[in-house]
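The next block holds one structure in the form of structure tokens; read it before the comments.
The values are calculated or read from the model by the stated rules, or taken from the named source; none is laboratory data. Worth saying up front: this structure is predicted, and the values here are computed from it rather than measured. Quick reminder, even Gly has a Cβ in these numbers, built from the backbone with ideal geometry, and neighbours come from all protein chains shown.
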Amino acid sequence: MQTTTRKAYATDLTDGQWAILEPLIPQAKHGGRRREVDMREVINTILYLNRTGCQWDMLPHDLLAKSTVYDYFAAWRNDGTWQRVMDALRTQVRIEAGREATPSAASIDSQTVKTTEQGGEHGYDGGKKINGRKRHIMVDTLGLLLTVVVTTAALDDGAAAPQVVGNLDAKAYPRLKKIWGDNKYHNLDFRKWLADHRPGWELEVKTRESGVKGFAVLPKRWVVERTNAWHGRYRRHSRDYERRTDSSESMIRISALHLMLRRLAPSKNAPSFRYRPAA
């Protein structure tokens, strides 16, 4: 393994964070050439790109080259590694917070963002008046990401919900019983899908109180809005810069796992974090 001597970036993993993440990194393929690249630097490079929003071709020269790092990003996107790492870290964060390993409730929501000239799937969201894509996410009561699906912005939230919820295997979430959403998920087809495919999971639609105008914090499901705000700290998400929607999903997962690593092993100068659960 290489030993880096460059000046550290704010996004670099600390020794404590790397100690948590290293066992979750896939091993080199059996029978292949011996892995020579520093895997910690691979992660550091991806985290730098995700947080700063720079282009792959504009990575600083003291980080690893796109030709090296993108291959790992794409391979782990295709084989589900980013999701598996995120799942493992979420379990650790929940246990450290005094919770059960899996949640009993979740919140679902979408966020519409503009796309760029990069191309790829996109559409027009008439409600938000944005031409781009939607990020559909589900989070637990602590706001930790469970799953993400990126679609054209033209797709209705209720129509996309079966695809989002379907990403969660009922056997992997035996305690999950409740899903909170807003009025966009008051969809008969979605309720029928739940009854047919997740009969033990109940959808509860949270609505604003009568007479309230403008933005209002909705009980229980406000945590998903907070999660979108957390992800918004990563400039890669200011728009959807990816050609492929699965690349967009992987970038959201990378932001989520970075946030969880910082919770599990905060840097010395970082203030302690206390999760405010849904209420």
Pairs under 6 Å by beta carbon, first residue under 16 Å from Ser247 (Cβ atoms) in region 45-72, partner in a loop (DSSP other than H, G, I, E, B), six or more apart or different chains? Thr45/Leu63; Thr45/Leu64; Leu47/Thr11; Asn50/Tyr234
Strands (runs of 3 or more DSSP E) fully within region 110-153 counting 2 or more residues that are crowded, with 19+ Cβ neighbours inside 10 Å: 130-140, 145-152
Within region 46-103, residues surrounded by fewer than 14 Cβ atoms within 10 Å (Cβ to Cβ), among the small types (Gly, Ala, Ser) and in a helix (DSSP H, G or I) come out as Ser67, Ala75
Specify which of the listed residues (Arg51, Arg94, Arg84, Arg40) is at pLDDT 95 or above and either touching a strand residue (DSSP E or B) at 6+ places or on another chain (Cβ under 9 Å) or of a type in the set (Phe, Trp, Tyr) (or both). Arg94
Looking only at residues that are over 27 Å from His258 (Cα atoms) and of a type in the set (S, T, N, Q) in region 192-238, which one is modelled with the lowest pLDDT? Ser210
